[in-house]
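Notes for the one structure printed next.
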Amino acid sequence: MAAEKHFKYVILGGGVAAGYAAREFAKQGVKPGELAIISKEAVCSLTFSTTYMAEFHFSCSMFDAAMQAWMYEIFAANRHLVAPYERPALSKGYLFPQNAARLPGFHVCVGSGGERQLPEWYAEKGIELILSTEIVKADLAAKTLTSAAGATFTYQILLIATGATVIKLTDFGTQGADSNNILYLREIDDADKLVAAIQAKKGGKAVVIGGGYIGLELSAALRLNDYDVTMVFPEPWCMPRLFTAEIAAFYEAYYANKGVQIVKGTIAVGFDADANGDVKAVKLKDGRVLEADIVVVGVGARPLTTLFKGQVAEEKGGIKTDAFFETSVPGVYAVGDVATFPMKMYNELRRVEHVDHSRKSAEQAVKAIISKESGESVPEYEYLPFFYSRSFDLGWQFYGDNVGEAILFGDSDPTSAKPKFGSYWIKDGKVLGAFLEGGSPDENKAIAKVAKTQPPVANVEELKKEGLQFASKI
Ligand code: FDA
Ligand code: NAD
């Protein structure tokens, strides 16, 4: 008979939200054996950096043969333990040609300046990490989850933290999209495949499909790895869901100066492969053909709600929650990328695919769960949207809402030694959103305050002239 296990609390998913939820459960005094994290992530062949490995071999050499064998056995068992980690590292430090980030260096909660939760942390707290376990069936009425291997897990409270998955070109039936070396990036095993391909095709040609976050961050990473990079996307400018044409013009020119070629206004309609099935060329809708040794695709993500279809209310593609992240099913919560929640500031239900919200929503849900048990309550979730990205020597932050009229300020010359510029979005006479490239921590705090307090604007021309100074005065 297949195994059955019961926990008071189960977190389904082992990503960013899961790690921050576990920390909050620990803060709230969860007892050993009460909480489990179930995650399909587990296999990571590049877990340890070369430096770490050298140190490990050196340490082993100081013991006798039996002890060495035991140490290597423990090492081999542990290298596959992918406890929750800070996913943003995968498209940045993980792909660096030198001194690349590797686990255990970026387990949660280092991304927000917190303690690094190694697998031992969960063991010490009595939190069971059930890794390499994909849940294939969820019965919310029976409070039961079933894994691909047939194990069942029952719970009192469920926290859905399944995140999102990549949209693939094979989903659209794009010809040849299943060729080798057409790569995506979501989880650590995707990143390992990418690193292996980058090393195998060193100095080759890369085509990056998509002009969003993955497109921009991966084009930079591939360029740093000496690839000849071409980015292709359908819109008139990159990152259209956030950037204005003026902001995008800076990044496109900066990237062009770094050697990235940009092809706009078209999509990939097919791929040519060689006799081994390795991709060789990308065929574009406008008739152009681009040679490629590697193709990286970043055409968006889809929230992982399938397991719960028909059992829970959905909205805007995600699982609908209240301001405490409880879903339409009592005792079932949803956090992170998968949740569509009331964004109080804008009086609207929204879904957010960014790390800051995944951390904060997880903490809010756990606080709400625990306080409900003692008949108390927590304040409603008050969230100020915060997005950021880093590539090459650049780094930007955005707070608030990008609606209304946008004005650009500062030095947005892509050839400047240290460009620093920003944008404010003004609606109904108030600043609702603020973007800053190249800001210091204090300057970033200042623009966050602008987006939070929504100061009135009497004269848009004055605001443009004042630029960052306007934020410093708030
Ligand atoms: P997340 O995707 O982190 O975790 C979901 C977990 O659930 C995974 O472990 C998955 O395997 C597991 N799972 C799903 N279905 C399952 C099932 N059926 N059974 C078992 N387990 C299952 N944001 C930002 O603000 N700044 C940034 O720089 C970046 N950078 C970045 C880089 C890359 C490469 C990606 C892919 C994403 C980012 N993001 C980002 C976005 C950010 O990482 C994202 O919003 C959070 O990881 C969302 O956290 P969640 O926990 O909701 O999902
Ligand atoms: P995205 O939504 O940011 O960008 C998707 C882009 O795909 C669009 O801008 C468009 O240019 C392009 N596109 C759509 N259909 C296309 C097609 N058929 N051919 C070519 N291009 C097409 O999604 P993403 O960049 O794939 O990112 C995936 C997820 O990872 C998102 O949730 C994102 O928020 C997250 N992420 C975030 C960060 C960050 O916040 N810094 C970094 C990396 C990833």
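Rule-based calculations on the coordinates, nothing more; no lab input. Quantities reported herein were computed from a predicted structural model and do not represent experimental measurements. Reconstructed Cβ throughout: ideal geometry from the backbone, glycine too, with neighbour counts over all protein chains shown.
Structure notes:
- Helices (runs of 4 or more DSSP H) enclosed by the stretch 387-474 - at least 1 residues per element that are acidic (D, E): 441-453, 460-466
- Hits in the stretch 341-382 - residues which are within 13 Å of ligand 1 (Cβ to nearest atom) and not in a helix (DSSP H, G or I): F341, R351, V352, E353, H354
- Per-region count, the stretch 396-410, residues surrounded by 15 or more Cβ atoms within 10 Å (Cβ to Cβ) and either of a type in the set (F, W, Y) or without any contact (Cβ under 8 Å) to a residue 60 or more places away in the chain (or both): 10
- Screening E252 with (1) in contact (Cβ under 8 Å) with a residue 24 or more places away in the chain; (2) in a helix (DSSP H, G or I); (3) more than 11 Å from ligand 2 (Cβ to nearest atom) gives one miss only, at (1).
- Leading residue by the ranking (surrounded by the fewest Cβ atoms within 10 Å (Cβ to Cβ)) among those in the stretch 346-371 that are more than 16 Å from ligand 2 (Cβ to nearest atom) and without any contact (Cβ under 8 Å) to a residue 40 or more places away in the chain: N347
- Test: residue in the stretch 301-308 that is in a strand (DSSP E or B), under 22 Å from the mean Cα position of the chain (by Cα), within 16 Å of ligand 1 (Cβ to nearest atom) and not basic (K, R): yes
- Inter-residue pairs, beta-carbon under 7 Å, first without any contact (Cβ under 8 Å) to a residue 24 or more places away in the chain and buried (at least 24 other Cβ atoms within 10 Å of the Cβ) and in the stretch 201-213, second in a loop (DSSP other than H, G, I, E, B) and among the hydrophobic types (A, V, I, L, M, F, W, C), 6+ apart: none
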